[in-house]
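Read the structure below first, then the notes.
Any read-out appearing in this document is the output of simple, stated calculations on the displayed coordinates, not a laboratory observation. Predicted model, so just to flag it, every value in this text is computed and none were measured. Here the Cβ positions follow ideal geometry from the backbone for every residue, glycine too, while neighbour counts run over all protein chains shown.
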Amino acid sequence: MLVVMQSDATADQIAAVVGAIRAMGLTAHPMAGPTRTAIGITGNVVAVDPRTLEILPGVRELIRVTRPYKLASREMHPDDTIVRTPQTEIGAGGFTVIAGPCSVENETMLLRTAEYLVARGVKLLRGGAFKPRTSPYAFQGLGRKGLEILAKARRETGIGIVTEVLDTETAGAVEEVADVLQVGTRNMQNYSLLRRVGRAAKPVLLKRGMSATLEEWLMAAEYVLSEGNRQVVLCERGVRTFADHTRNTLDLSVIPPVKQQCHLPVVVDPSHGTGKAAYVMPMALAALAAGADGLMVEVHPEPAQAISDGAQSLDFGSFDRLMERLRRLGEALEREVG
Ligand code: PEP
Ligand code: MN
């Protein structure tokens with residue numbers, strides 16, 4: 001349920017409505033908008049008699065939110081959310097490119113990649129220090145050493161860091177270094193982890209579960225939002241289907257319904273979505289055309305030598321061509337790519 005306050009409602013009137021909601025055993029989420037404040041209500045709202053709130057001074061109207069996700073829904077939050085890091089914004093109308101290797105492999109390759117990306121105007125570097133691998137025998141990432149390397153890249157180049165949080169035990173260490181906390185596809189329904197990043201002071205990039213419906217994905221975002229962290233970016237990275245010509249089936253058709261039903265920015269990962277470097281460019285261009293707010297793409301100085309995901313990683317030359325074509329398409333669509 002959403003309480004919409006009158007545009008001239010006073011701070012005391014807003015506080016009184018919040019108090020009344022809490023007295024009913026429910027949670028109030030005040031949201032100050034450009035013209036008026038709205039107060040989202042979560043909890044067992046079915047039991048609430050709307051008239052008890054409607055009559056309070058300063059209240060304009062009560063709206064029932066029909067979707068199962070509340071704080072993530074456009075019904076409750078009509079304006080687009082802009083996610084901010086110290087380096088850039090995601091969701092402000094531009095097209096934000098997040099790029100970097102699958103894993104942090106060593107200091108030399110990471111710094112080289114960071115310097116190259118900064119020179120191309122990229123503001124956010126991706127790279128996993130803690131890696132979720134299908135096999136327990138595969139490279140699991142450099143762990144804390146990888147975080148130190150990411151911190152050094154940030155210090156020396158100014159680039160922002162997007163890196164995965166694999167579990168609640170290491171979340172604190174990742175939070176110290178990261179500008180954006182990535183939750184991977186395998187953890188999309190790890191509710192204790194979602195609640196943990198929901199209490200973090202850093203934005204969260206929430207990848208879609210590999211077989212998650214749109215509703216399940218938005219319910220996962222709701223876990224993060226309900227803990228108080230409103231800075232969430234969704235990331236479409238492909239889903240499991242019968243098709244085996246690509247690693248996953250990149251579901252670009254999810255972008256318009258995400259935009260319609262949810263106010264959070266959404267980016268597309270064509271690297272994990274296709275699994276093949278040659279398919280990354282067309283799908284990246286399609287993501288921009290489909291209305292995504294940005295891209296997450298794997299880039300490696302020497303993809304053939306990569307420890308993980310080399311086959312889907314772009315080399316620097318291919319990334320240059322991708323940025324050039326994105327910029328040209330961006331001009332036609334009046335979207336700034338960067
Ligand atoms: C990644 O971004 O490196 C990654 C592991 O992605 P996903 O969780 O989408 O598989
Ligand atoms: Mn990867």
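One Cα centroid belongs to region 194-228, the other to region 1-61; the line between them spans 25 Å. Near residue 17, once Lys and Arg are set to +1 and Asp and Glu to -1 for all other residues with Cβ below 13 Å from its Cβ, the sum equals 0.
Taking R0 as 51 Å, what's the FRET efficiency between residue 27 and residue 241 from their Cβ-Cβ distance, rounded to 0.05? With R0 = 51 Å, the Cβ-Cβ based efficiency is 0.85. Cβ-Cβ distance of residue 328 and residue 170, R₀ of 35 Å, FRET efficiency by 1/(1 + (r/R0)^6): the value works out to about 0.30.
Of all DSSP-defined beta bridges confined to the chain, some 40% are antiparallel rather than parallel.
Across 22, 126, 64, mean-square fluctuation computed from a Gaussian network of the chain (C-alpha pairs under 10 Å connected) peaks at 22.
Calculated from DSSP H runs of 4 or more alone, at -39500 (n - 2.57) each and per residue, what is the 222 nm mean residue ellipticity of the chain, nearest 500? Spell out each step's value before the answer.
Working: 11 runs with 119 residues, N = 338.
Helix contribution divided over all residues of the chain: -10500 deg cm²/dmol.
Within straight-line reach of residue 259, meaning a Cα separation under 30 Å, sit the following lysines at least 8 residues removed in sequence or on another chain: 70, 123, 131, 202, 207, 276.
For the chain, the orientation-averaged shadow of the C-alpha convex hull comes to 17.7 nm² (one quarter of the hull surface). Charged side chains reduced to their Cβ positions (Lys and Arg at +1, Asp and Glu at -1) give the chain a dipole of some 260 debye around its Cα centre. Extension gain, residue 112-residue 251: 0.36 nm per intervening residue step, less the Cα-Cα distance, totals 46.8 nm.
Counting Lys and Arg as +1 and Asp and Glu as -1, what is the net charge of the other residues whose Cβ lies under 11 Å from the Cβ of residue 91? Could you put the intermediate results ahead of the total?
Working: positive: 84, 259; negative: 79, 80, 89, 293.
With Lys, Arg at +1 and Asp, Glu at -1, the net is -2.
Each Lys or Arg adds one and each Asp or Glu takes one away; over the other residues whose Cβ falls under 14 Å from the Cβ of residue 159, this sums to +4.
Report relative contact order for the chain in percent, whole number only (criteria: Cα-Cα under 8 Å, sequence separation at least 6).
On the way: 713 pairs, mean separation 54.4, N = 338.
16 percent.
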